[in-house]
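Below is one structure, written out as structure tokens; comments come after it.
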Amino acid sequence: MNNKVRVLWLSSIACNGNTHSFLNYPYMEQFLNDFEFIYHPIIDSKYSLKEIVSDDIACDILLIEGSISSEFKRADVSVVEIIKKYSNIVKKIVTVGTCATFGGIFRDSDYKDSTGLHFDKDKRVNEFEKLIEKTISVSGCPVHPETLVNTMYAIKKSVDLQLDNFLRPKEFYAYTVHNGCTRNEYFEYKVDNHKFGELEGCMFYDHGCQAPFTHASCNKTLWNEVNSKTRAGMPCVGCTEPTFPKGNLFGTKKNMGIPQDLPIGVGKRTYLTLAGITKAFSIDRLEKKLFDD
Ligand code: SF4
Ligand code: SF4
């Protein structure tokens, strides 16, 4: 008997980035023993898109990738109609990535009404209000493959995931990306990074790192089980948040020398006090290269 969970991956206005990220999941063989795609835009699947839109095919989870517009169609059928039809069939809906969750990059596409399923940036969208109880959001540009797969296993095992205000599982989004970064000591003593890709220094003060106010597990569950942006020397660009994408991703906006966006919960006054204290330290070790050239 086939006990696999049946999944429909519906691609709306998307670049397929989430699909590519998902294909990097390290235990795909195991995953495909437990789940089967009734349709996926890239992976071989049982039904064609034409069959998906014309018939009502049994399915357990609807995954939506890409932002949603009333004008956008797949196989000549509006994605809004496809979502409404399958939302009546499935047990759970997962918005995969920041476009499907908040509108993301394709909010600025030619489809002027593009939004996420339940949010237009941080504002609620009413079109799919009835589906909110069924929805879990896993934001990211792209989504972290382990966040997506672990969410799907939680659904399979009927785990009651606690969600935040944007329907994201707290298990993966309660942390900030700053949590677990190898550069935390440089952050504490205000030692900035001077060159992208270098191992030393923190990128918050001059190079635009948004990790202290971005919710995701990138430094807790490493990408490809190896690394993260900030560990590798690239600032976090805040891709899991409703505000993504912001302009000027590689520089820190400041007012009177103070970063415009501060770590969550830190007020300007507290920041200035802490900055004053850390200025008193000059730690030679943190100014040097970690490895000899
Ligand atoms: S580089 Fe970013 S994530 Fe790493 S310590 Fe600095 S602010 Fe935090
Ligand atoms: S480090 Fe930041 S920008 Fe990079 S994937 Fe994680 S949340 Fe997105």
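The values are calculated or read from the model by the stated rules, or taken from the named source; none is laboratory data. Only a predicted model underlies this, so the values are computations on that prediction, with no experimental measurement involved. Every residue, glycine among them, receives a Cβ derived from its backbone with ideal geometry; neighbour counts consider all protein chains shown. What goes into the accessible areas is simple: the full protein's heavy atoms, side chains included, and nothing from ligands, DNA or RNA. Shrake-Rupley method; radii C 1.70, N 1.55, O 1.52, S 1.80 Å.
Pairs of Cα atoms nearer than 8 Å and 6+ residues apart set the relative contact order; for region 59-101 it is 59 percent. Phi angles across region 97-102 convert, under the Karplus curve 6.51 cos²θ - 1.76 cosθ + 1.60 with θ = phi - 60°, into 3J(HN,Hα) values of x, 6, 5, 5, 8, 10 Hz, Gly and Pro given as x. Region 151-177 and region 245-293 have Cα centres lying 31 Å from one another. Listed by chain and number, the lysines placed with their C-alpha closer than 29 angstrom to that of LYS254 are LYS121, LYS123, LYS190, LYS195, LYS220, LYS229, LYS246, LYS268, LYS279, LYS288, LYS289; residues fewer than eight positions away on the same chain are left out. Other residues lying with their Cβ under 11 Å from the Cβ of LEU10 contribute a combined charge of +1, Lys and Arg counting +1, Asp and Glu -1. In region 143-209, taking the dipole from charged Cβ atoms about the Cα centre, the farthest positive-side position among TYR175, GLY197, HIS207 is held by TYR175.
Amide H to amide H distances under 5 Å link LYS190 with no residue, where only residues 5 or more positions off or on other chains count and H is placed in the peptide plane. Place a label point 7 angstrom from the Cα of GLU81 along the Cα-to-Cβ direction, then list the residues of region 1-18 whose backbone nitrogen is under 18 Å away. Residues passing the 18 Å test: 10-13. Backbone geometry of region 127-143 corresponds, through the Karplus equation with coefficients 6.51, -1.76 and 1.60 at θ = phi - 60°, to 3J(HN,Hα) couplings of 3, 10, 3, 5, 8, 4, 5, 8, 9, 10, 10, 10, 7, x, 10, x, 5 Hz, x marking Gly and Pro. By the Cβ distance rule (another cysteine Cβ under 4.7 Å), the unpaired cysteines of the chain are CYS15, CYS59, CYS99, CYS181, CYS202, CYS209, CYS218, CYS236.
Amide H to amide H distances under 5 Å link LEU63 with LEU8, TRP9, LEU10, VAL94, where only residues 5 or more positions off or on other chains count and H is placed in the peptide plane.
Mind ordering 35-44, 88-97, 119-128 by average Cβ neighbours within 10 Å, highest first?
Values: 35-44: 16.2, 88-97: 22.0, 119-128: 14.4.
Listed from highest to lowest mean packing, they are 88-97, 35-44, 119-128.
Below 8 Å, C-alpha to C-alpha, sequence gap of six or more: please give me the relative contact order for region 93-237 in percent.
Working: 233 pairs, mean separation 26.2, N = 145.
The value is 18 percent.
Straight Cα distances below 18 angstrom link LYS91 to the lysines LYS4, LYS130, LYS134, LYS156, LYS157, with same-chain residues fewer than 8 positions distant left out. Remark on PHE119: its backbone amide H falls under 5 Å from those of VAL125, a criterion applied only to residues 5 or more positions apart or on other chains, H modelled at 1.01 Å from N. When the helices of the chain are scored as -39500 (n - 2.57) per DSSP H run of n ≥ 4 and the total is divided over every residue, the value at 222 nm lands at -6500 deg cm²/dmol. Between the alpha-carbon centers of region 200-231 and region 53-100, tell me the distance in whole angstrom. First find each Cα centre; the distance between them is then 32 Å.
Solvent-accessible surface of the chain, taken per residue with a 1.4 Å probe and all protein chains present: 51 Å².
Couplings for region 227-232, taken from phi via the Karplus curve 6.51 cos²θ - 1.76 cosθ + 1.60 with θ = phi - 60°, read 8, 9, 4, 5, 5, 7 Hz in order; Gly and Pro are left as x. A Cβ-based charge dipole, computed about the Cα centre of region 184-253 with Lys and Arg at +1 and Asp and Glu at -1, lands at about 220 debye.
Once Rh is set to the Kirkwood radius over Cα pairs, what Stokes-Einstein translational diffusion coefficient, in µm²/s, holds for the chain at a temperature of 37 °C and a viscosity of 0.692 mPa s? The partial results should precede the final answer.
Numbers: Rh = 20.4 Å.
Stokes-Einstein gives a translational diffusion coefficient of 161 µm²/s.
Computed over protein heavy atoms with a 1.4 Å probe, the carbon and sulfur contribution to the accessible area of the chain reaches 50%.
Note on ASN33 and LYS246: their simple-model spin labels are 4.4 nm apart, each label 7 Å out from Cα toward Cβ.
Once C-alpha pairs closer than 8 Å and six or more residues apart are averaged by separation and normalised to the residue number of region 17-120, the relative contact order reads 24 percent.
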